[in-house]
Every structure is written in C-alpha cells, then in structure tokens.
1. Determine, yes or no, whether D68 is over 20 Å from L42 (Cβ atoms) and in a loop (DSSP other than H, G, I, E, B).
2. Could you please give the count of residues in the range 131-156 that are touching a Phe, Trp or Tyr at 6+ places or on another chain (Cβ under 9 Å) and without any contact (Cβ under 8 Å) to a residue 24 or more places away in the chain?
3. If you take the residues in the range 56-113 that are among the small types (G, A, S), modelled with pLDDT of 90 or more and under 22 Å from R152 (Cα atoms), which one is surrounded by the fewest Cβ atoms within 10 Å (Cβ to Cβ)?
4. What's the number of the condition A35 fails, among (1) in contact with a Leu (Cβ under 9 Å, 6 or more places away or on another chain); (2) assigned to a helix (DSSP H, G or I); (3) of a type in the set (G, A, S); (4) free of Cβ contacts under 8 Å to residues at least 40 places away in the same chain?
5. Scan the range 76-83 and give yes if some residue there is within 21 Å of W144 (Cα to Cα), in a helix (DSSP H, G or I), of a type outside the set (A, V, I, L, M) and under 24 Å from the mean Cα position of the chain (by Cα), otherwise no.
6. Please go through the range 125-144 and give me each residue that is touching a helix residue (DSSP H, G or I) at 6+ places or on another chain (Cβ under 7 Å) and either under 20 Å from M40 (Cβ atoms) or part of a helix (DSSP H, G or I) (or both), ordered by number.
7. Considering the range 104-161 alone, what residues qualify as being β-branched (V, I, T), touching a Pro at 6+ places or on another chain (Cβ under 7 Å) and within 20 Å of E62 (Cβ to Cβ)?
8. In the range 76-93, is there at least one residue being of a type in the set (G, A, S) and closer than 30 Å to Q37 by Cα?
Amino acid sequence: MITIDQVIYCLPLLGITVSILYYAMVLRNSNRTRAAQLFMSLNNEMSSMEGLSRYLDTMYMEWDDYADFERKYGSDNNPKAYLQRNTLWSVFNNYGVLLKNRLIDPEMIYDAAGGSIIMSWEKWKPIIMEQRVRYMGPNYAEHWEYLVDVMRSIQERRGIKWEPPETGLKFVE
C-alpha cells in the first residue's frame, strides 16, 4: 500500500522529470528556430533581386578554356565578374559548411535551391578545379562540392532523374 509520505516523496521527482522534458522540448524548438533563421539569412542573399541578378550574370558567362576565362572574367581583367562569382560561390560554400556541421537541414536546402546548387557546380567545376591547382589549393570550395554530393544523394533518393542541361539557363528551341 502506498502511503501519503511516499507520494509526497515522489512529487519532487515527478516535477523534476516534467521540467526536464519541458526544457528538452523548448531547447529542440529553439534549435529548429535558430536553424531556420540561419537558413533564411543565407537564402536572402540568393533570393534577393541582387542575388538573383548575380546568379544569372554568372550563369551566362561563357569561355572556351581557362585562359579565355581569365581574360574575360579573371580578377585582373574584370573585378566585377570576380566579385559576382565569388559572392555566389561563398554562399554555396557556406551552405556546405553549415550542412557538414549539421547546423542546417539538407532537405531544406534541396527544396529551396538544390537544382541551382547542382547546376552552378557543374558550370563552375572545371574553373574551380583549375583554380585549386593554380592558386587556392586542394580544399578550395570543398564545402560546396560536399553540398553538391548531398544534393545529388537527395535527388537520387527521391527518384528525381535530372542533370543540368549543357546549355545551362539558355533557352534552346
């Protein structure tokens, strides 16, 4: 038989248990809110008029080989193009850093920009690989590359069969 003393003895334990569970729920919701705020602050860079303009400008850049790229868009000859592409690359690389450190949900990134991330990487991969050799070292844009690998795995898991067109964003009849 349970006595009143036993019930009184168990009440503080029950209160502590409920408090811990409540705190865990609040902490989980707080972390999700912070992750969403972090994602939105990065995503604002991409979805603003300036960000979209930068994305389009970089996606319409054309070159024949690396030397042609440097003549047209290298930092020595075209600082504006350099700033445009490096701002965009930094956003994608930062997504990758956050993703690798589990601070952002990969599904959220894929739903918001997965196709753009993959398409941009395919366009810029030859240039980035050459810049790794010439200037920046083997880790340059590695988090963007990691991000693309995760985006492709989500795409595959969802059964989406899509590769960026060779023409990029250009309309072809």
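1. no
2. Total satisfying the criteria: 3.
3. S90
4. (4)
5. Pass one, the range 76-83, residues within 21 Å of W144 (Cα to Cα): 81-83.
With the extra rule that they be in a helix (DSSP H, G or I), the set shrinks to 81-83.
If we keep only those that are of a type outside the set (A, V, I, L, M) too, we end up with 82.
Filter once more, so that each one left must be under 24 Å from the mean Cα position of the chain (by Cα): 82.
Yes, there is a match, as at least one residue in the range 76-83 is within 21 Å of W144 (Cα to Cα), in a helix (DSSP H, G or I), of a type outside the set (A, V, I, L, M) and under 24 Å from the mean Cα position of the chain (by Cα).
6. I127, E130, H143, W144
7. Taking the range 104-161 as the starting set, the residues that turn out to be β-branched (V, I, T) are 104, 109, 117-118, 127-128, 133, 148, 150, 154, 160.
Restricting the remaining residues to those that are touching a Pro at 6+ places or on another chain (Cβ under 7 Å) gives 118, 150, 154.
I118 - this is the single residue of the range 104-161 that is β-branched (V, I, T), touching a Pro at 6+ places or on another chain (Cβ under 7 Å) and within 20 Å of E62 (Cβ to Cβ).
8. Yes; the residues of the range 76-93 include at least one that is of a type in the set (G, A, S) and closer than 30 Å to Q37 by Cα.
The values are calculated or read from the model by the stated rules, or taken from the named source; none is laboratory data. Note that the structure is predicted; figures quoted are calculated from it, not measured. FYI the Cβ positions are ideal-geometry reconstructions off the backbone, even for glycines, and counts take in every protein chain you see.
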